[in-house]
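*Asks:* I am attaching a structure below and will ask some questions about it afterwards.
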Amino acid sequence: MTIRRHIIGNWKMHFTAAQAAEIAGALAKAKPPADVTAGVAPGFLHLAQVARALSGTPWIVGAQDCSDRPEGAATGQVACTQIRDAGGVFAVIGHSERRQQLKERSPLINAKISAALEAGLVPLVCVGETGTERGAGLTVTVLDEQIRGAFLDLTPEQVGRCWIAYEPVWAIGTGQTATAEQIAAAHGHIRQQVVRGYGKPAETVPVLYGGSVSRDNSAEILGIKEVDGLLVGGASLKASDFTAIVGCG
Ligand code: PGA
């Protein structure tokens, strides 16, 4: 089954408002291929501004995180309904930087996924092993735990509305991309696990690869049959690089 390609740029904690406006303006002029869903996740401060700049274009905008709580007394957090209101259509959830820097664990990630689904946002759920875990032969164990924890108590229909990103932690921001064999094996395993757990709706959940994707390796990675798209960090910070990557889709 062919799954539509998804290519998402994660801007992380980069850019001033002026820089975000500049890159959004450049993206607005570029047209993603018709069979690619292309988008960016700016920081919260710039989400509404970037969504406005890209409205009326095929580009979509999302958040890099979301709260697990409804609007209300949650100092410093951003509710899924507020993300929607600002023009966001997806939220990255469980990125390894948040798992590591903020000690986010599966129960919170699971609650954020539920909150996002409830608000009509697409959860883009990140999973991936560290270098130490891979070295110890624990890749599959870690992926299974993260998948089980993220989707605990969700219905197959809810899981079917998610996107997944396989991001080996050791490949993020290091210039050390996983090999085609490693990517194919991990993606194949993720697909098998979600289909085993959630049946037919999980057959079409896009599984994106992330970790040192560049304009030089994006075509090759997209050529791996288990790969349904890309989550791009560093290479999404320059419009010409990112539009070249999106153009490979
Ligand atoms: P990178 O980041 O492309 O800079 O490795 C990917 C990510 O963390 O989503």
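The numbers here are math on the coordinates, done by the rules we state, and not lab data. For clarity, every value in this text was computed on a predicted model and none was experimentally measured. In this analysis, Cβ positions are derived from the backbone assuming ideal geometry, glycine residues included, and neighbour counts consider all displayed protein chains.
*Asks:* What ³J(HN,Hα) values, in whole Hz, does the Karplus curve 6.51 cos²θ - 1.76 cosθ + 1.60 give for the stretch 174-181 when θ = phi - 60°, with x put for Gly and Pro?
*Replies:* 9, x, 9, 6, 5, 6, 4, 5
*Asks:* Whole-Hz Karplus ³J(HN,Hα) for the stretch 85-92, in order, using 6.51 cos²θ - 1.76 cosθ + 1.60 and θ = phi - 60°, x for Gly and Pro?
*Replies:* So the Karplus estimates, Gly and Pro as x, are 4, 7, x, x, 10, 9, 9, 5 Hz.
*Asks:* Right, something else. Taking the Cα centre of the chain as the origin, how large is its charge dipole in debye, to the nearest 20, when only Lys and Arg (+1) and Asp and Glu (-1) carry charge on their Cβ atoms?
*Replies:* On the way: 22 positive and 23 negative charges, 64 e Å.
Approximately 300 debye in magnitude.
*Asks:* Taking neighbour Cβ counts within 10 Å as the exposure measure, how do Ser55, Ser218 sort from fewest upward? Before the final figure, lay out the partial values.
*Replies:* On the way: Ser55 11, Ser218 24.
Exposure proxy ranking, most exposed first: Ser55, Ser218.
*Asks:* Note down the magnitude of the dipole of the stretch 22-74 about its Cα centre, charges +1 on Lys and Arg C-beta and -1 on Asp and Glu C-beta and zero elsewhere, to the nearest 20 debye. Show your work: numbers first, answer last.
*Replies:* Working: 4 positive and 5 negative charges, 47 e Å.
Dipole size: approximately 220 debye.
*Asks:* Here is the link list: Lys31/Lys225; Lys12/Lys103; Lys112/Lys238; Lys200/Lys225. Which ones come out longer than 28 Å on Cα distance? Present the calculation step by step, with values, prior to reporting the outcome.
*Replies:* Values: Lys31/Lys225 24 Å; Lys12/Lys103 17 Å; Lys112/Lys238 30 Å; Lys200/Lys225 19 Å.
Result: Lys112/Lys238 exceed 28 Å.
*Asks:* Using only alpha-carbon positions, what ratio does the radius of gyration of the chain give when scaled by 2.2 N^0.38 Å?
*Replies:* Values: Rg = 16.7 Å, N = 249, 2.2 N^0.38 = 17.9 Å.
Relative to the rule-of-thumb radius for its length, the chain sits at 0.93.
*Asks:* Mind jotting down the distance between the C-alpha centroids of the stretch 210-249 and the stretch 62-78, whole Å?
*Replies:* Each part reduced to its Cα centre gives a spacing of 29 Å.
*Asks:* Further, regarding this structure: Okay, helix-only estimate at 222 nm for the chain: each DSSP H run of n ≥ 4 adds -39500 (n - 2.57), divide by all residues, round to 500 deg cm²/dmol; what do you get? Kindly include the intermediate steps, with their values, before the conclusion.
*Replies:* On the way: 11 runs with 105 residues, N = 249.
The helix contribution divided over the chain gives -12000 deg cm²/dmol.
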